[in-house]
Ligand SMILES: [Zn+2]
């Protein structure tokens, strides 16, 4: 008779509980949660009535807890999460600005010359350019300025 088994979650050798048939998980909290999660996932995919009840339950929960209130409450409970998200957004913003700057350089746009010309009074002609060939800023209207008189 085998008295020990290897837990499917933590991998530890454990002693069988005589009251549990075909035991695969030990009694640790995280291992029991893993067992429960596996069972729920299997039920959700294989048992249509379980799936229907689960979806109805989730729908009822969403009605009682509007997502904006839930998210607001979550952010209040987790200031570390909010700070982390803010830092990631800030980093992402700087990466985007840097990518735009590199794109400007790669497109051989001479910004010094452009600004020097734009400060001078006079007539300019705006010539629309092919935006698909420019990856600087797709929201901006891209034109070529040509001095007609100075
Ligand atoms: Zn375990």
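The numbers here are math on the coordinates, done by the rules we state, and not lab data. Bear in mind the structure is a predicted one, so any value in this text is a computation, not a measurement. In this analysis, Cβ positions are derived from the backbone assuming ideal geometry, glycine residues included, and neighbour counts consider all displayed protein chains.
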Apply 1/(1 + (r/R0)^6) to the Cβ-Cβ distance of residue 65 and residue 86, taking R0 = 35 Å, and write down the FRET efficiency to the nearest 0.05. 0.90
Rounded to 0.05, the calculated FRET efficiency for the beta carbons of residue 2 and residue 50 at R₀ = 35 Å is 0.60
